[in-house]
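Engineer: Below is the structure I would like to discuss, written out as structure tokens.
Here, each number is a calculation from the coordinates, and none is a lab measurement. Quick caveat: nothing in here was measured; it's all calculated off a predicted structure. All Cβ positions, glycine included, derive from the backbone under ideal geometry; neighbour counts span all protein chains shown.
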Protein chains: 2
Amino acid sequence: MRYDLFSADDHVIEHARVWTDRLPAQLREAGPHVVEDDGREFWVYEGVRSEQMGLNAVAGKTADEYTPDPIRFSDMIPGCYDPVARADDILANGIRASVCFPTLPKFGGTLFATFTDKHLADLCVKAYNDFMIEEWCASVPGLYVPMIIGQLWDPVALAAEIRRCAAMGNRAISFPENTVPLGLPSFFTDHWDPVWEAATETDTVICMHIGTSGGLTSPSPDAPGFGQLSPVVIALANVNSFVASVNLAMSPVPRKFPTLKIVFSEGGIGWVPAAIERADRQTLRHKHWSGSDDLLPSEVFARNFWFCMIEEPVGIKYRYDIGVDRILWECDYPHVDTPWPHSQQAVDDVLGDIPAEEQEAICHTNAEALFRWKMAPVPVG
Amino acid sequence: MRYDLFSADDHVIEHARVWTDRLPAQLREAGPHVVEDDGREFWVYEGVRSEQMGLNAVAGKTADEYTPDPIRFSDMIPGCYDPVARADDILANGIRASVCFPTLPKFGGTLFATFTDKHLADLCVKAYNDFMIEEWCASVPGLYVPMIIGQLWDPVALAAEIRRCAAMGNRAISFPENTVPLGLPSFFTDHWDPVWEAATETDTVICMHIGTSGGLTSPSPDAPGFGQLSPVVIALANVNSFVASVNLAMSPVPRKFPTLKIVFSEGGIGWVPAAIERADRQTLRHKHWSGSDDLLPSEVFARNFWFCMIEEPVGIKYRYDIGVDRILWECDYPHVDTPWPHSQQAVDDVLGDIPAEEQEAICHTNAEALFRWKMAPVPVG
């Protein structure tokens, strides 16, 4: 195994009992649970039915088997929803640490903010977080880096949840890349200050996954695809991190919370130098009338931000303009961007020719320092 | 003068009589005309009043004098609206060819599509085009490369206008980077085929300026700025060309019209390699279920697209990944992105260290071939 890998972005597929195992009996029907109907499986919550999308669980399939059509648990390999089975899968690829985003609650945990019953929503958030820390991560000690979600409708409750989970060993929180499209206050308000403060105090890393603002970039809604998901939308997914990072870099957030750590997940890295260059130039050019301060976007990128890369030769070519210390490898298991089960080959194709210490930084040491999570010297599990 | 410059993106500020000089008498009040009121100048058309924004006419000012506040013609240097005065300005910077976008009709000529009276709108489009070819360009022969606008509410009329103006020597048309946000059919329909067909037949270059889709990228509408224009929005303006180019590359347009020539204006170049890399990879990955054909986005970028650069050291560093033959220099006179009156120095700062033939390609020979417009050997005017 040539590369020791720390994946900064993978995805849990929650098993059917994550919430029913934890919600009080009288709320189990209202909370997320799985029902079978006519040979199909549905998640049901607050009267809403949804199915699992095939592209979210392709691990073990080849590209000609990929489909966005709805699937059942039995269509997936167990590693999608079983942390012990997954440990075998990823350890076999040399992946010895993994940060996992939620699926049913949406990648940014935004689903529960749409619940009518906010008491139920609060319990659903806590149930997911308890599942993540006490079940998913605990099942294979040392392998899974805990990452929680929050009560996005209540920043004070969210801050308390960050502190509660930090005491349980939590390292990160999945948070929307932009709150405005979700109908919530922007990062230019002080609305989220309790969250940034709790994250700073507990050294909890903020992970902002593409799409967590509630949408992807869709210039032609009628482009052929599966519902709103077309190859155009997929090709432009990195634009979400481009926009989110420049927006945050120019916002009050890194000014008021200078030690905050923010990861842009699955957004790629190759666009970073162009984003920084224009943002710096325009900040200086429009400083007089706009009242911008002296903190340049490039300084925020180099101090507060990290970026994730799967297979991006051009991004690695530009690594000195991005900052080798800013780049995290990710596997995206079991999603469609994943190179698994060929992670070692995919890493070698992209990183094979760079100096060993840079390989190590991108493959694991950057992430180990960021998440305060030293990988076990010998594979666990 | 070290560099011979061809600017692929400048801006006309139309003088007050562009439309009143050309519209029939009974339509002059309804068409665009300038009125004075309480010391301010307003463009008035179909009962709407608008003012000129300061950032659109900063030529001759220093950064500490920039302002988005409304200005009058007398606040501008004459080169903004007088082609003979402008010739002196730009020739003094070594600029010997210039493609100019409209201002009052909006950069993509989209204003007239919002007119209630479409007969008036049609005459306004033609009046602008006649002004561009017969007045602006004719006033300094050889210096200004004619670029028209079109009747966006009627693709057949637009195609006829492309042919009418091509016979008058026209070389380019300003067209929206995306029609969907304007409430018009997308590039994935055949609605615009008459336009692409006329452009192909007459070898008319399609220029798509950032913002012509009707908006810029504004992740935080409450970010401090001037109305909707904040430093965040300005910093993210290159995202418009990123999205527009990937969208078009994956659309039927370059498949049905393989010789079409499209320029993305003021959108920069540094993001191009990252955009191509992800678009190609995702096209291949999702080919099976989405039915994509074999024409990769990178092939369309290298065959049908050109990109504009003002001051972008990082983009020039990545020029072999973009294609040196794809890069056009632009001045953006008299807008806020312009390096004028220091164009020679700005070009030298960015291109000074690259091989002479690459300097020439980016400064003028790429644009000369694209627009079929050989710069005069000795400065004109």
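Engineer: Can you tell me, using C-alpha contacts under 8 Å and at least 6 residues apart, the relative contact order of chain A as a whole percent? Write out the running numbers ahead of the final one.
Structural biologist: Working: 698 pairs, mean separation 77.8, N = 381.
Rounded, it is 20 percent for chain A.
Engineer: Take the rotation relating chain A to chain B, measure from its axis to every Cβ in chain A, and name the nearest residue with the distance in whole Å.
Structural biologist: Closest to the axis: A:TRP271, 2.
Engineer: At most 13 other Cβ atoms within 10 Å and a DSSP loop assignment: could you name the GluC sites (Glu not before Pro) in region B:26-92 that fit? Display every interim value, and only then the final one.
Structural biologist: Numbers: sites: B:GLU29, B:GLU36, B:GLU41, B:GLU46, B:GLU51, B:GLU65; in loops: B:GLU29, B:GLU46, B:GLU51.
When the GluC sites (Glu not before Pro) of region B:26-92 are filtered for loop state and at most 13 Cβ neighbours within 10 Å, B:GLU29, B:GLU51 remain.
Engineer: A follow-up question, please. Let me have the relative contact order for region B:163-308, percent, based on Cα pairs under 8 Å that are six or more residues apart. Numbers along the way, then the final one.
Structural biologist: Numbers: 199 pairs, mean separation 36.7, N = 146.
Computed over region B:163-308, the figure is 25 percent.
Engineer: Ratio of alpha-carbon Rg to the 2.2 N^0.38 Å globular estimate for chain A, to two decimals, please. All intermediate terms of the calculation are to be shown ahead of the outcome.
Structural biologist: Values: Rg = 20.0 Å, N = 381, 2.2 N^0.38 = 21.0 Å.
Taking N as the residue count of chain A, the ratio is 0.95.
Engineer: Let's test the formula: R0 of 41 Å, r as the Cβ-Cβ distance of B:TYR320 and B:SER50. What FRET efficiency results, to the nearest 0.05?
Structural biologist: Numbers: r = 44 Å, r/R0 = 1.07.
Result of the calculation: an efficiency of 0.40.
Engineer: I would also like to ask the following. Under a point-charge model restricted to the Cβ atoms of Lys and Arg (+1) and Asp and Glu (-1), what is the dipole moment magnitude of region A:1-96 relative to its Cα centre, in debye to the nearest 20? Before the final figure, lay out each step's value.
Structural biologist: Working: 10 positive and 19 negative charges, 65 e Å.
Around 320 debye, computed over region A:1-96.
Engineer: Here's something else I'd like to know. Counting pairs of Cα atoms in region A:237-381, how many percent are more than 24 Å apart? Display every interim value, and only then the final one.
Structural biologist: Values: 3619 of 10440 pairs.
Here the long-distance tail beyond 24 Å is 35 percent of all Cα pairs in region A:237-381.
Engineer: Still on this structure: Within region A:46-142, which trypsin sites (Lys or Arg not before Pro) sit in a loop by DSSP and count at most 10 neighbouring Cβ atoms inside 10 Å? Could you put the intermediate results ahead of the total?
Structural biologist: Values: sites: A:ARG49, A:LYS61, A:ARG72, A:ARG86, A:ARG96, A:LYS106, A:LYS118, A:LYS126; in loops: A:LYS61, A:ARG72, A:LYS106.
Here no trypsin sites (Lys or Arg not before Pro) fit, given the DSSP loop and packing criteria.
Engineer: Measuring from a point 7 Å out along Cα→Cβ, what nm distances, shortest first, does B:GLU299 have to its partners in the other copies?
Structural biologist: Copy-to-copy label distances for B:GLU299: 4.8 nm.
Engineer: For A:ILE173, which sequence-distant residues (separation of 5 or more, or a different chain) have an amide H within less than 5 Å of its own amide H, given hydrogens modelled in the peptide plane?
Structural biologist: Close amide H contacts, sequence-distant or interchain: A:ILE148, A:VAL205, A:ILE206, A:CYS207.
Engineer: Strictly over 32 Å apart at the Cα level, which of A:LYS287/B:LYS261; A:LYS374/B:LYS287; A:LYS256/B:LYS61; A:LYS106/A:LYS256; A:LYS106/A:LYS374; B:LYS61/B:LYS261 would you flag in this model? Walk me through the numbers on the way to the answer.
Structural biologist: Values: A:LYS287/B:LYS261 37 Å; A:LYS374/B:LYS287 39 Å; A:LYS256/B:LYS61 34 Å; A:LYS106/A:LYS256 28 Å; A:LYS106/A:LYS374 28 Å; B:LYS61/B:LYS261 35 Å.
Beyond 32 Å: A:LYS287/B:LYS261; A:LYS374/B:LYS287; A:LYS256/B:LYS61; B:LYS61/B:LYS261.
Engineer: A follow-up question, please. Give me the compactness ratio for region A:128-240, meaning the Cα radius of gyration over 2.2 N^0.38 Å.
Structural biologist: Working: Rg = 16.5 Å, N = 113, 2.2 N^0.38 = 13.3 Å.
Here the answer is 1.24, to two decimals.
Engineer: Next up: Indicate, rounded to the nearest 5 percent, the antiparallel portion of the DSSP beta bridges found entirely in chain B.
Structural biologist: Values: 11 of 33 bridges.
Bridges in chain B that DSSP calls antiparallel: roughly 35 percent.
Engineer: A further question on this structure: Distance from a point 7 Å along Cα→Cβ of A:HIS342 to each backbone N in region A:61-79: keep the residues under 15 Å and list them by number.
Structural biologist: Once the point is set 7 Å along Cα→Cβ of A:HIS342, A:61-66 turn out to lie under 15 Å by backbone N, inside region A:61-79.
Engineer: Could you work out the mean count of beta carbons from other protein chains within 10 Å of each residue's beta carbon in A:219-231?
Structural biologist: Working: counts 17, 12, 3, 6, 8, 6, 4, 3, 0, 0, 3, 6, 14.
So the per-residue partner count for this stretch is 6.
Engineer: What are the nm distances, shortest first, from B:LYS374 to its equivalents in the other copies, labels at 7 Å along Cα→Cβ?
Structural biologist: 7.2
Engineer: May I pose another question? Hey, for A:ASP37 with labels 7 Å out along Cα-Cβ, what do the inter-copy distances come to in nm, ordered shortest first?
Structural biologist: 5.8
Engineer: In Å, what Rg and Dmax follow from the Cα atoms of region A:308-381?
Structural biologist: Reported Rg and Dmax, both Å: 12.4, 38.
Engineer: Here is a further query. Please report the relative contact order for region B:71-126, taking Cα pairs under 8 Å with a sequence separation of at least 6, and give it as a percent rounded to a whole number.
Structural biologist: Details: 23 pairs, mean separation 8.0, N = 56.
Relative contact order of region B:71-126: 14 percent.
Engineer: Hey, could you pull the Cα Rg and Dmax for region B:5-108, both in Å?
Structural biologist: Answer for region B:5-108, Rg first and Dmax second: 14.7, 44 Å.
Engineer: With equal scatterers on the alpha carbons only and no solvent term, can you work out the Debye log10 of I(q)/I(0) for the protein assembly as shown at 0.05 1/Å?
Structural biologist: Reported log10 I(q)/I(0), two decimals: -0.27.
Engineer: Also, I was wondering about something else. Specify the inter-centroid distance of region A:109-177 and region A:232-272, based on alpha-carbon positions, in whole Å.
Structural biologist: When both Cα centres are located, 22 Å separates them.
Engineer: If you build the Cα gyration tensor of region A:33-74 and take the root of 5 times each eigenvalue, what three semi-axes come out, in whole angstrom, biggest first? Don't jump to the answer; show the numbers that get you there.
Structural biologist: Values: eigenvalues 103, 19, 12 Å².
One finds semi-axes of 23, 10, 8 Å for region A:33-74.
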